[in-house]
Amino acid sequence: MSEHPRAQAPARVGVQSGDRLRREILGSYLDTLPSVRVVGRVAHHADVLALHGVQRPGMVLLDADGDLAPALAVCRDLRERDPDLCLVLMCGRAASGDLAAARRTVDALVPQAHGFAALASVVQRLAAALPRPATPGQGLSDRQREILLLLAAGHNTGEIAERLGISVGTVEYHRRRVYAKLNATTGVQAVAQALAYGVIAGQAAIRPAIGSPPTPPPDRHPVLVVVAGEGPALLDRVLTTLVEHRYPVLRDPVPGRPDPLDGLDRHRGPVVRVLVDPAPEHWRAGQRSGHRSLLVHSGPGDYGVALAAFTGGAAAVLPVERIEEHLVPMVALVASGYRVIDEEYPPLVPPSATDEPLRPRLTARELDILRSIGRSHTLRQTARLLGIAVKTVENTQSHLFRKLGVRNRAEALTAAYSLGLLQPYFVGESGS
């Protein structure tokens, strides 16, 4: 009996966009599709070549961002390297001649004005037709990616072996393979390259307790959505949109009860509560659960609504007019730890007691040291480039680590990227 297509592994997709917010939204949104696994996110067109060399995606989505020429040049290079690679180009307005050249080069051309729904439809259709190789070419294996994530979280070889339940020798072998594939010679260089390629995100800096029992390898657990609120018509629209995008959904008809929904406390992935015109008891239930909440609001998008929502603990606010278009990407972003507000509302995101700590204030010298770490410089290289003593570098680096709440350079790098203190660098840009 032939295998059903849905049983196949998801298509490996790389994403490129020069706009960081758009890149994060595209990556998070596409990663919700059952037929897609996003394996890297990069900023520049030229970076796509490096990403392809490391991850060997079956499909690459490029954001032309109003200028087709650089994107088309990279598409031609990619086509020469990998004739079977599927290329999807997102574009704004362009001359007819440029559009004709793009259609001859790429597999699909999607105007930005068509929105996420059209893009998702194209990506899913093309992904369904892609072959699913048993191994991802020369890219990172699942085991190597696990080890890379733990390196980025500041773990040493022994800790990684303990957490994954494998030998130290096995960790060393895979770490050497990771270094080779990322063209790195140290753990900091490997983390810097992986951040630059979008292979790992800054959230890897969240470091589990070393003394805890070994946990299962890092994996993508599904986002579970709990929907509560009033208004049957709006609730139906929310539930239909989520189910169409294959989200597991629970309806909470009695939010005031003290007991959690059956099985909710055993769910290993993130839980997002979508509150549709909620009554006070809906808010209280969400606050007791500790889950992140997304407010769907049918009234006017004024300052008071946004203030009340974020002060009450909501992580996102969405008007009912945008349910079909924006609900799914907003759920994905909220599940990843972002706060999101629709453009209809004022740009207001006040901090609350449940937020992560604010970005630490770094001195100019601490920023210099952080940038040097990002370029994988040694202590001596940093001292020589900044014209200071090695001891001064060590002391400043210690202060930097304390402010970031980390214990080593790899962990500092990922924490700084997650907090927006540092943009990822390629090792090849480091100089000396």
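The values are calculated or read from the model by the stated rules, or taken from the named source; none is laboratory data. None of these values were measured; they are calculated from a predicted model. Reconstructed Cβ throughout: ideal geometry from the backbone, glycine too, with neighbour counts over all protein chains shown. With ligands, DNA and RNA removed, areas are computed over all heavy atoms of the protein, side chains included. Shrake-Rupley method; radii C 1.70, N 1.55, O 1.52, S 1.80 Å.
If you take the beta carbon distance between R246 and T185 as r and set R0 to 41 Å, what does 1/(1 + (r/R0)^6) give as a FRET efficiency, to the nearest 0.05? Don't skip to the end; give the middle numbers.
Numbers: r = 42 Å, r/R0 = 1.03.
Efficiency, from the Cβ-Cβ distance: 0.45.
Ranked from highest to lowest mean number of other Cβ atoms within 10 Å per residue, what is the order of the peptides 154-161, 412-419?
Numbers: 154-161: 18.5, 412-419: 25.4.
Averaged packing, sorted descending, gives the order 412-419, 154-161.
On a full-extension model of 0.36 nm per residue, what is the gain between R322 and I388, subtracting their alpha-carbon distance, rounded to one decimal in nm? Please report the intermediate quantities before stating the final value.
Numbers: separation 66, 0.36 × 66 = 23.76 nm, distance 5.47 nm.
Extending this stretch completely gives an extra 18.3 nm.
Between rounded, prolate and oblate, where does the stretch 19-114 land on the alpha carbon gyration tensor, with a ≥ b ≥ c its root eigenvalues, rounded for a/c under 1.5, else prolate if a/b exceeds b/c? It would help to have the intermediate numbers written out before the result.
Details: a/c = 1.60, a/b = 1.19, b/c = 1.35.
Oblate, because a/c is 1.5 or more while a/b does not exceed b/c.
Need the full-extension length gain, V168 to R284, defined as separation in residues times 0.36 nm minus the C-alpha distance. One decimal, nm.
37.0 nm
I'd like to check one number: the per residue accessible area of the stretch 97-189, probe 1.4 Å, reported in Å² as a whole number. Could you put the intermediate results ahead of the total?
Working: 4490 Å² over 93 residues.
Each residue of the stretch 97-189 exposes 48 Å² on average to a 1.4 Å probe.
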